[in-house]
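First up is the structure itself, then whatever we jot down about it.
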Amino acid sequence: MLGYYCNHKDYTTFVLSELNRLAETRPDQVNEYKSAVMKMLVLDLDPMLQVIAPLYASTGRPAEMQMEIFRSFVLMKHMRATLDGWVDKLSQNPVLRIIAGFTPDNMPKTSSYYDFINRIVPLKELPEVRPVTKKPKEMLKKGEKLAPKNPGIVAKLAKQVITNEERFRKRLARRLERFLQRIFARVAVDASVKMGLIPESVDVSGDGACIETGASSYGKKVCKCHESGIHKCTCDRRFSDPSANWGWDSHNERYFYGYTGYFISAYNRDLKIDLPLYPGLFRQTVTTPFPQSSRCPSFASLTQLCVSTPSSQTAPATITLHTTFCIIGTLMPLSR
Ligand SMILES: [Zn+2]
């Protein structure tokens, strides 16, 4: 069952009181993390409760500090840190620990962060043994896109939606990112609307983004050829991010290994910023949304969401498999 959660009002009180106390002796330390403090204070996670509550049983041992773990991910991403060593960093740095909402004797272990991810995106992400997919050699010109592997698929999908909407909705309901998307909608989009950052009448646009995985495109050798003195072989290898594939980054004119994200954004004319409304994620060469994507990019797809980017230019996110969950940390509030 879902354990205790300190609501935003109490969290704010805790942070301000602890930071004030710390600032009496180490004002420099508090000042150093000013932007992180501001971000955490504006990140109201109360609306997230209704989204994740159904994911926990009504009985059993309580899963403690789930929202706090989510907040900690946001902070971790802001600090450009990875989960390896993050818990140690929090315990050694009083400012970070305070704004994550933890006391010295009440901090979740690293394993709790993993459990949280498994809860939000319950997917078996097992490595796969298969042949190496080589990086394509053909170079395209700047701005040029790869030819679609399944021409006409959009028309086919559109037809499916029109003729059998119910089936399509059922299919969408199974997408792995649905909880992440709901958290984003309640925590970031709703908040942005309330703050007036997303106006009542919006210009909506969609744009793709390259999402690079940190997992190796070469895979890991699992054969014994090396022991027999054969150093170059074509045996199957183990890939830790089996859903990743090669794609063409037309903006930077290079191939990248990972996924394609697609984001629907609202443009704020006054502030001249794009504010993401909805994230989508696709495997390269696969035009079916969501169900086939893995946990790693699921979080990655949300990376760019809350970041206000200049119109039509979404920076590619570089992620590593092991820091999959750091991506969730980018679910920061849309703030000025
Ligand atoms: Zn071999």
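Quick notes
- Residue in region 21-29 that is more than 20 Å from VAL187 (Cα to Cα), acidic (Asp, Glu) and in a helix (DSSP H, G or I) present: yes
- For region 79-109, a residue qualifies if it is β-branched (Val, Ile, Thr) and either outside the structural domain of LEU41 (by TED's automatic domain parsing) or at pLDDT 90 or above (or both), and the qualifying residues are VAL87, VAL95, ILE98, ILE99, THR103.
- Of residues in region 221-247 being part of a strand (DSSP E or B) and in contact (Cβ under 8 Å) with a residue 24 or more places away in the chain, the one farthest from the ligand (Cβ to nearest atom): GLY247
- Enumeration of residues in region 37-85 that are in a helix (DSSP H, G or I), more than 17 Å from the chain's Cα centre (by Cα) and aromatic (Phe, Trp, Tyr): none
The values are calculated or read from the model by the stated rules, or taken from the named source; none is laboratory data. Fair warning: this is a prediction, and the values are worked out from it, not measured in the lab. Note: ideal-geometry Cβ built from the backbone for every residue, glycine included; neighbour counts use all protein chains shown.
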